[in-house]
Amino acid sequence: AHAMLFENGILTDLGTLGGNQSHAFGVNEKGEIVGSSITTSNQLHAFVWKNGVMHDLGTLGEGSSAQSINYKGQVVGECFYPFHISHACFWKNGSIYDLGTLGGPMGTATDINEKGQIVGTSSTPENVNHAFLWQDGTMIDLGTLGGYTAHALGINNKGQIVGQSNTVSGYHHAFLWENGIMIDLGTIGGDLSTAYSINDSGEIVGSTTVDSTNITRNAFIWKN
């Protein structure tokens, strides 16, 4: 499996960092692409691809993966440490920063906006996963929709955040977080939904189950 770029009807193989696999996860307005690739030493490393060349972003531990890149070239993802520990990581101006966790052993960053606000998922001291917002050097727990877990997947330039959270019923629902409040976006007929991305107009896209069997999932757009 190789990371690919599709542009103007042409599919381009982005190659690898010397190993036999790579995966692309994010692209910015400049066409700079981030993801992860196996290296010649058989480690998984985050990369940025620009001007036709794949660059190794390195790691703070035993491996890394990049998930998103903003217009400034700032990159977020995760770094892997021994004993199955991972932390959210931030690449800026050639340096790597460990963003830490919400008190547990695990964390990953999934998206970054142009202001440098970062969202993702981290385990708490109780070892349950919560959505977080990282800004001004601090990781903020966004809470849940009443259940145990939540995951933040996207943020726009207004600081509005989307993802999924367990509800009191135990099912996960798409959420919108803004002004300190997590809003349940509901579903369309079924019990499950997830929001993946939000633009600066507040339009949200994701997937939802459509009936009580919770088998069939359809794409949705949420607006107004």
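The values are calculated or read from the model by the stated rules, or taken from the named source; none is laboratory data. Source: prediction; values computed, not measured. Cβ: placed from backbone, ideal geometry, glycine included. Neighbour counts: every protein chain shown. For accessibility, only protein heavy atoms count, side chains too; no ligands or nucleic acids. Shrake-Rupley method; radii C 1.70, N 1.55, O 1.52, S 1.80 Å.
A few notes on this one:
- Some residue of the range 13-23 being open to solvent by 60 Å² or more (accessible area, probe 1.4 Å) and not in a strand (DSSP E or B): no
- Spans of strands (runs of 3 or more DSSP E) in the range 98-160 with at least 2 residues buried (at least 21 other Cβ atoms within 10 Å of the Cβ) and touching a residue at least 12 places away in the same chain (Cβ under 8 Å): 107-112, 118-123, 129-135, 146-155
- Test set (1) more than 18 Å from Thr121 (Cβ to Cβ); (2) buried (at least 16 other Cβ atoms within 10 Å of the Cβ) - Gly189 fails condition number: (2)
- Residue list for the range 30-53, restricted to those being over 15 Å from Gln67 (Cα atoms) and among the polar types (S, T, N, Q): Thr39, Thr40, Ser41, Asn42, Gln43, Asn51
- For the range 192-215, taking the residues that are in contact with a Gly (Cβ under 8 Å, 6 or more places away or on another chain) and part of a loop (DSSP other than H, G, I, E, B), the one that is most open to solvent (accessible area, probe 1.4 Å) is identified as Ser212.
- Of all residues in the range 76-97, those that are among the small types (Gly, Ala, Ser) and in contact (Cβ under 8 Å) with a residue 12 or more places away in the chain total 3.
- Single residue of Ser169, Ser165 found to be hydroxyl-bearing (Ser, Thr, Tyr), open to solvent by 20 Å² or more (accessible area, probe 1.4 Å) and either closer than 16 Å to Thr110 by Cα or part of a loop (DSSP other than H, G, I, E, B) (or both): Ser169
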